[in-house]
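Here's the structure, in structure tokens; my notes come after.
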There are 2 protein chains.
Amino acid sequence: MQKDPLRQFRMRDIAQQAGVSLVTVSRVLNQPEKVARATRERVLKVIHEHDYIPDMLAGSMASRRSFAVGVIVPTITNSLFADTIDGLSSVLEPAGYQLMIGSSRYDPVREGALVRTMLSRRVDALVLTGTTHDPDAHKLLASARLPVFEMWNLTPSPIDTVIGFSNFEAARQMTLWLHGQGYRCIGYLGGLTEKNDRTTDREAGFLAAMDEIGDDAADGRIVRAPFDFPSGGTGIRALKQQCPGIDAAFAASDVLAVGAVLECQRQNWQVPQQLAIAGLDDSIIAAQLTPSLTTVRLPRYEIGRRIGEEFLARVNGRAAGPRQIDLGFEIVPRESA
Amino acid sequence: MQKDPLRQFRMRDIAQQAGVSLVTVSRVLNQPEKVARATRERVLKVIHEHDYIPDMLAGSMASRRSFAVGVIVPTITNSLFADTIDGLSSVLEPAGYQLMIGSSRYDPVREGALVRTMLSRRVDALVLTGTTHDPDAHKLLASARLPVFEMWNLTPSPIDTVIGFSNFEAARQMTLWLHGQGYRCIGYLGGLTEKNDRTTDREAGFLAAMDEIGDDAADGRIVRAPFDFPSGGTGIRALKQQCPGIDAAFAASDVLAVGAVLECQRQNWQVPQQLAIAGLDDSIIAAQLTPSLTTVRLPRYEIGRRIGEEFLARVNGRAAGPRQIDLGFEIVPRESA
DNA sequence: CTACGCGATGAAACCGTTTTCATTCAACAC
DNA sequence: GTGTTGAATGAAAACGGTTTCATCGCGTAG
């Protein structure tokens, strides 16, 4: 009479039924080639008969590998990061890894808490968005001996490896491009900059470009807003009101840019004749809009894929790639500017 | 001389440094009230000094609780499910749970594989999208003794608990509503129906409504497409070509509807004068569009939140709620129809 | 004075795997 | 016939916690 007759099968039970030792069952599962064919088949038969599912917690604990990778993004609601996550899982999943996703809501403290949780769960690697983090978390990561990937930006002083593109350059070059198109009074619709290196760098890139152009009144043509459609609308209105002479607006995110274009439709402002609008992301809807959105294409999916590949390379002992990988970006001229 | 001087601190080490037994450390972490104040503070001091992070794998294994909940959605790229995930984590995260997210890519077999992986990782509960699943997975779940939640639809025969709304009714009622608005030749732009209970039910709802209306040619006004913006465009073109007399199109998803509206803008078809368009989702962009999109508001976030609450109630031993929870939907009339 | 209950603590068993090391046995070389 | 080798297998020791049960004082009721 069992203590708990409904209890799940353990490896021990499978071993017993197959008339082998527990070790052999473990080998059948993890290094089948090391087990004689006959034995292996006998064990597999028992495994299937009982729908045996090994306990990965126990396995991970013993092997000190969890086959889990932690990913912390600001929000999963924005499809930007969802694309990166998709890219990551396209590489890691076939390799047997599972993603553990957390969203920091753009809050470094929450990010730090997530880092702790994930370390506690003994992830095999950690992927963070951006290059500025809570000091405590930073220290923790530096001493934890696991691969850490920062993404979606570049930095001269990465924790471990950075994979992304230069937000500064992306914004700078788009601004210069707009100037090259003949726009002379360019406004900037940016994200909230507190504690967010990507938006900070983009704004800096815009200002740097304006400086090069010789426009020293650019500070007065900056509006900051959270990344959502309605804010794009209110943002563009604010910008237009703030400096009526504006002939182009560069939004540091497609969400804002699309929101702005839609608002222009409502206001009956001709885009780009009266007001040109450019975005940054090349989100899926950018090309569909009328007028279609001029924007900067970012390596959203590629960032994830590349991180996955670098990680696998490291796990397999192949030399780690460079510590900083710049995946670049590309200006996509369309109708809106 | 240690074997590995860089090795992370274990509970044993903390205990030793604090001059207590390992058990006491464990209690300080999990049931602090059971430890004398003085002892507790001494232990906590050591813990903080060394930035000790307990090994949750070991903890989960011993306690037989992982504090992880598995969630399987068709795709995380679509913000629909991202909203649900947000709702879920808004409830579960404060309770100390972590989500383990997997995307099935609308493939039951992949879903089944994910179910196995998650069971293997000993999640405390499992959340699935939809109500039709791979038979093997279904069997596995029925015998696994953990809470299982199906969501985003209803069914008379749930595995465990279903939380969602009636896709059939949502489509049916929107169709009837369109008819009530005076549209007489209504087309349907739906998702691919294979193996997807939500799209299947929506299409059935549309047909049921057309039947009630007395329109028996509706089958000829159905176009199916994957859920993305471009497909909304090609879909509406196909529909218009297939039956030029069409005066309204009901898209079973806002992505398709938005894609359709944008295509109409390009084609210069007046919406809703020449062609009315209605969607289903109330996605964030629906209200921003010009014309704004008439659609069906779904309890996206609420589904997640409610599942979280039901799960916690069960964990805390409170009686489980009803096995089927209908969160309803709401028709949102706007400008496009 | 003794028995009892209770708060605080610890020893030992256990959770279900992987890893390391040893053993067995058959094939093969000399 | 005797080592030598290598494939196949298993015993035992981790892995780092939690749970159960026992013990130790100490205040208090009888």
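The values are calculated or read from the model by the stated rules, or taken from the named source; none is laboratory data. None of the values given here were measured: they were computed from a predicted structure. Positions of Cβ are generated from backbone atoms using ideal geometry, with glycine treated the same way; all protein chains shown enter the neighbour counts. We work out accessible area using only protein heavy atoms, side chains counted, and drop any ligands, DNA or RNA first. Shrake-Rupley method; radii C 1.70, N 1.55, O 1.52, S 1.80 Å.
Annotation for segment B:89-104 versus segment A:55-70: alpha-carbon center distance of 19 Å.
Between A:Gln181 and A:Ser157, the modelled labels are 3.8 nm apart [label points 7 Å from Cα along Cα→Cβ]. Have a look at segment A:36-71 and report residues whose accessible surface goes down by 50 Å² or more when the remaining protein chains are included, against the chain on its own, probe 1.4 Å, ligands and DNA/RNA excluded. Listed in order, they are A:Asp51, A:Ile53, A:Met56, A:Leu57, A:Met61. In whole percent, and with a 1.4 Å probe on the protein chains, what portion of the accessible area of the protein assembly as shown is carbon and sulfur? Here carbon and sulfur together make up 51 percent of the probe-accessible area. Farthest towards the positive end of the charge dipole of segment A:167-297, among the residues A:Leu262, A:Val223, A:Asn167, is the Cα of A:Leu262, using unit charges on the Cβ of Lys, Arg, Asp and Glu. Among beta bridges identified by DSSP and lying wholly in chain A, the antiparallel ones come to about 10 percent. Each copy carries B:Ile284; placing its label point 7 Å along the C-beta direction from Cα gives inter-copy distances of 1.4 nm, listed from smallest up. When you restrict to C-alpha pairs under 8 Å that are six or more residues apart and normalise by the size of segment B:166-316, the relative contact order lands at 21 percent. Between copies, the label points at B:Glu330 (set 7 angstrom from Cα along Cα-to-Cβ) are spaced 4.4 nm, reported in nanometres from shortest to longest. Shape verdict for the protein assembly as shown, please, from the Cα gyration tensor: rounded (a/c under 1.5), prolate (a/b greater than b/c) or oblate. Oblate, since a/c reaches 1.5 and b/c is not below a/b. Here segment A:290-337 and segment B:205-282 have alpha carbon centers that stand 36 Å from each other. Counting only protein heavy atoms and a 1.4 Å probe, segment A:167-297 has 35 square angstrom of accessible area per residue. Calculated accessible area for segment A:1-81 comes out at 61 Å² per residue, all protein chains present (probe 1.4 Å; ligands, DNA, RNA ignored). According to the square roots a ≥ b ≥ c of the eigenvalues of the Cα gyration tensor, what is the shape class of segment B:167-297, taking rounded for a/c under 1.5, prolate for a/b larger than b/c otherwise, and oblate for the remainder? Rounded. Counting from the shortest, the label point at B:Asp107, 7 Å from Cα toward Cβ, is 3.7 nm from the same position in each remaining copy.
Buried accessible surface for the B/A pair, both sides summed and rounded to the nearest 100, is 5200 Å² with a 1.4 Å probe. In chain A, the DSSP-assigned H stretches of four residues or longer account for a calculated mean residue ellipticity at 222 nm of -14000 deg cm²/dmol, using -39500 (n - 2.57) per stretch and the full residue count as denominator. What shape does segment A:11-54 take by its C-alpha gyration tensor, where a ≥ b ≥ c are the square roots of the eigenvalues and a/c under 1.5 counts as rounded, a/b above b/c as prolate, and the rest as oblate? Rounded, because the longest to shortest axis ratio a/c is under 1.5.
Just need the relative contact order of chain B here, percent rounded to a whole number, with Cα pairs under 8 Å and 6+ apart.
With pairs under 8 Å counted, the relative contact order is 15 percent.
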